[in-house]
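Step one of this worksheet: look at the structure below.
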Amino acid sequence: MTKIELTVNGTRHAREVEDRTLLVDLLRDHLGLTGTHVGCDTSQCGCCTVHLDGRAVKSCTMLAAQADGASIVTIEGMAKGDKLHPVQQAFTDCHALQCGFCTPGMIMATAALLKDNPNPTDEEIYHGLEGNLCRCTGYINIVKAVKQAAQTMK
C-alpha cells in the first residue's frame, strides 16, 4: 500500500492505495467521480482523459501513485456551480454527443487543446482530438463545438 495525497476538483484527498491502482480507478471507485469513463484500458479511446497539473492525461494508464501531490480536474470539476464550462456548453449547444460515453474525455481534451491553442484550425482540432474516439457522431458536431468554445473563450 502507498499513501498518496492529491487535490481533485479543488478538494484535498489523502488515501492509501495498492501500488497497482490506476488513477481512473482511484477517481471512480475511491472518490466516486464516475464521470471519468473507462473505455479501453489501453489509452486508445480517451474516455478517461482528465487534467493533471493542467495537462490532459489518460487516467487508465497512469498509476494513482504517480499522481501523488498533483492537482487533478475531472469532468465533474469543469462547471462552476450551475454554470457549465464554455466547452461543456458548446458540446450541448452543438449536439456534439450521441451516446455520451466519449463526451467527458472529449470535453477534457478540448479544454486542454484550447488552453494551448485558443484559435485552432480544423486540422489542428482533428490532430488535437486524435487520441479520443467517438463511435457515434462522425466528429462534425464535435469540431463545431470546439470552434464555438474557442469563440466563447476569447
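The values are calculated or read from the model by the stated rules, or taken from the named source; none is laboratory data. The shown structure was predicted, so the numbers you read here are calculated from the model rather than taken from an experiment. Methodologically, a virtual Cβ is constructed for each residue, glycine included, from the backbone with ideal geometry; neighbour enumeration extends over all protein chains shown.
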_Among (1) touching a residue at least 24 places away in the same chain (Cβ under 8 Å); (2) buried (at least 17 other Cβ atoms within 10 Å of the Cβ); (3) within 16 Å of the chain's Cα centre (by Cα) - the single one Gly131 does not satisfy_ = (2)
*Per-region count, the range 72-128, residues exposed (fewer than 13 other Cβ atoms within 10 Å of the Cβ) and among the basic types (Lys, Arg)*: 2
_Filtered residue count, the range 15-27, keeping only those that are touching a helix residue (DSSP H, G or I) at 6+ places or on another chain (Cβ under 9 Å) and not in a loop (DSSP other than H, G, I, E, B)_ = 8
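If you take just the helices (runs of 4 or more DSSP H) that sit entirely in the range 83-144, which of them hold at least 1 residues that are within 24 Å of Arg28 (Cα to Cα) and not assigned by TED's automatic domain parsing to the domain that holds Lys58? Spell out how you get there, then give the answer.
Details: elements: 86-93, 103-116, 122-128.
Those helices (runs of 4 or more DSSP H) span 86-93, 103-116.
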